1. Can you tell me how the protein assembly as shown classifies by the Cα gyration tensor, rounded, prolate or oblate, using a/c under 1.5 as the rounded cut?
2. If r is the Cβ-Cβ distance from residue B:186 to residue C:104 and R0 is 60 Å, what FRET efficiency results, to the nearest 0.05?
3. Rounded, prolate or oblate: pick one for chain B, where a ≥ b ≥ c are the square roots of the eigenvalues of its C-alpha gyration tensor, a/c under 1.5 means rounded, and failing that, prolate if a/b is larger than b/c, else oblate.
4. Round to a whole angstrom and tell me the spacing of the C-alpha centers of region D:60-80 and region C:134-157.
5. Find the centroid of the Cα atoms in region C:43-114 and in region B:25-89, then give the distance between the two in whole Å.
6. Pick from C:271, C:165, C:322: which residue has the top mean-square fluctuation in a GNM of chain C where Cα pairs under 10 Å get a spring?
7. Please label the shape of region C:39-185 as rounded, prolate or oblate, based on the square roots a ≥ b ≥ c of the eigenvalues of the alpha-carbon gyration tensor (a/c under 1.5 means rounded; beyond that, a/b larger than b/c means prolate, else oblate).
8. Between residue D:35 and residue C:1, what is the label-point separation in nm under the 7 Å Cα-to-beta-carbon projection?
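Read-outs throughout are calculated quantities, based only on the coordinates presented, and are distinct from any laboratory measurement. As the structure is a prediction and not an experimental result, all values here were calculated from the model. Cβ sites come from the backbone with ideal geometry, for glycine too, and all protein chains shown count toward neighbours.
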């Protein structure tokens, strides 16, 4: 939180500026596996535009910092997905989009990985089959909130698990510096 | 089974008599919507050549296996053939004694992948197959999953807890730290080596499964000489979720949402194809209004699917703005489907006997507005692309498909029609309201990528005409029933359950024991944007099907890709793959 | 003393040019994303700062502080050199580009260009072709198949269009009689060079599109085929340099050269000569218009295949350039 | 009536090839779209309200007097007081669901002979949002609300318990119970994409 000193100078720490930079230019490596990939494309399309938030969909994992796992992760693809995750440069996060990649979704079968967090650590789970573009954008904003509040080197005490939304969130007011 | 007259699509009596006097040992199994000929394995090959040459059954539709664990030769192979001249289908069954069957790739090249899948899923060996490897799972996978004695959730023996949790933490009631075996990179190396035993040229390029160019997770292996591809093979199975295995333990209504997740771009068309097959099996007749709603939504979904194809195809060839324009139109159709069914993409909206809910108020006005406004937008995309010299140079004479290829590989849908073969299920076997609607079926002359592009754009125009006709017909049927709940197999609506005990009891029975389908088999297919989506259902009288085989159009259309890519560059591989329009959910099932 | 003064003057001026070019390149990314957005009916960067103004700063901050990966057993020296080789030549072209005529401010005469070399155009072409090595080294040093193919493809395209570019600029030079860019602009007082050598203009447009990898010739970053072309293996700021150099700085600088060669540098528009706008503003207006034209082409047209591009270069662009020389010769004979 | 027709293949005429008319036509359309208004819904600051039929996260309707007649019949066996969820623990939703292991329903027989629902957990990450459970519930208790913002940081966040479900449906009923079953609410966000629709 940048403190606005009464003399108008904004005091902030280097860590906040860096986390502001990382939050507002998240470049996802789009791993489109199944139906959730179509909804991810719609989030990047004209109506729910992700370019507004500074999100460009990069092809290669080398240049991306978020891995959006969209679709069913099958056992056969799991090692390749682990490889993609290892190739990504360091400050990296994972959004598990849709029920299939979060907990195996509606496919309790012999060949489906029951949850991508069994092979790579996941930061945000977005339930839904497929989650609507607005639900995915809400998931991305939760990730931005996590980047903002996670201090380097300290264990991030997650928001208490019981807070389940009962009504849709109120509209945010516009902040000049983005999220 | 009683022999009904309208069984016109299947083999007629005159041909059966010709077969009888040539092969007296053939026994016939006739159902309402399927006719099967039983033949012994030893004389299978020349029986099929007889069917192919003399009786005109040139086109290969599908091949699968069925597992009867308590019958002596355990597996039974089922072939489906089709004769384009006199529009007839035939099913040929043969028992696989000691789990081997003669390979028919000599007759039809399309059977190569189907036999690999049968080996992968059932463990039936094929003599004479050029490279019998597993189709979906990795080479060193020890089991054959579609056998009846294999559990649905597989053998959960490895300890693989979730990385986010502390060891003793239990997040949800259905979380288990134990999991089926996950392959390592060495297993996948082995799979790749098995596919390409003789590496002939310079480098083997892995056009990897997680690649923005491939539509979903398809793994291409190119043997490349400089930029030109010498040899190519495709590894599928990166999205094999075992949907056919799930079908064997779900009732007919519970399987409807799974049909959306197979071909997730044209969800409604798959539902309509599946529900028509089940309705023919249970001989349930949906009301008139439900038929028109299904046809209208099916055509809207076809436009939706062709728009996504046009967007991703133009994106692969570099025109980035067309991708976003097509998605702007797709948003409109998804708004309509969200308004009618409740969910944008996988709307499980069709039910056995009709549709889940009535059309909301305002739906027909929105559809009329869309029908009026869409052709102008489509005209915009055509001016950008159709006569653009870069587009022409990238598309003309790329991947030309001949009529013989269509019959050899069992190609269906736009890919077949681009080669001039008039094979459209809406014309041959019209279900719902397709016989009361007039539209044209576009055909191509040359069969290259440019033809397929023109065909798909033309099909969008025809679909708009159909939607317009359906909308004005539905305008007049405002108060009709949308689901035939008086039928014993159809689930009652919520209002009926609230107000009458019999409806509640009928609802309970149908939910708990499932629709007790009469004994019998059926093969019925629908015209998906990606070709013929066929459902072969064997029912033994219980609530869930004994075997449900899904004949996917994209699976057989993709099989011609290695054939067409020989000698062309990688850049053409993108254009060619885009024009074949595979969807991985349907190819891998 | 005199030499010391000029040395300090030039270093300060070149510092201003380089830092200005960096900032301009950063904000050109914003211009492109806003233009691409509005072409696709979406607003482009909106929430990071007022209408996305802070977006380039956020991108730069993130790209600078990313982990810098080098793939194992890749040629480390070449790997680092490649990104510099692609970046530095396009900035060096700035040294010869004149932005306006000299003017006085309270006693000092300010020359709005770093140096007026009388072989300015040749120097610019030479710097342009050095970036070819950056591309090949990047492809080779990444030690993986995709960058290799991407790098060699881009090299083939660049060679084809260097030759066509070389012949195409012969037209304006014949008319202006000198290689120095300032001289060419002064020769266009009466009539712009666009009128006689229209063919050369077409060749230069296609050459600039190929040089900077814009869409009809966008082979190096053909997303669908080669994941990222030769930038696939680059991560943090090394990756940042490639699109910055190629898509923004090279396009900016080469469209500056196009404006100088064909649209008469800082001469005012033919009928609006009486407006009190100084020469420099005219130049930047024309420069911005040509830059937006390249963006406009980038976001509309599909992409050629590599062999079609090289075929186009050798079979169509080269003859057009030669024909243009012939036409200009006749024009000079008639109008002197 | 179905007719078969051959598609003609338009090609580039020479004049178009020389004067780049095909490029110009294409670029004319892109620049035309450049000057049109944008169709974007800036999500955190403007939201697209889903239709009433939207299948979002689940909710349990509470006993508030507006129950169907079938509930009055079944209520005698249950011990539900005002404001609690109407669930009669008949397990029909679990029976109708294609993925039954996402439900965890426990009910207990009280000493006075009545049944009480102790636990009703739904793992919404396994759910397909297909709506079969809402069509199976005899007392119209489990419904789809229009809440889609359910992203969590933890696997346990996906599990919805009995109290959350009833609170969610209570809020949904308060907001949208007597709304007509329209295709969507014709607000300013929809007209951005659709323009003006002639409603009958």
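1. Judged from the Cα gyration tensor, the protein assembly as shown comes out prolate (a/c at least 1.5, a/b above b/c).
2. Step by step, r from the Cβ atoms, then E = 0.20.
3. Verdict is rounded for chain B.
4. Here the two parts' Cα centres lie 71 Å apart.
5. 68
6. Of C:271, C:165, C:322, the most mobile in the Gaussian network model is C:271.
7. Cα axes put region C:39-185 in the oblate bin.
8. Reported label-point gap for residue C:1 and residue D:35 is 6.0 nm.
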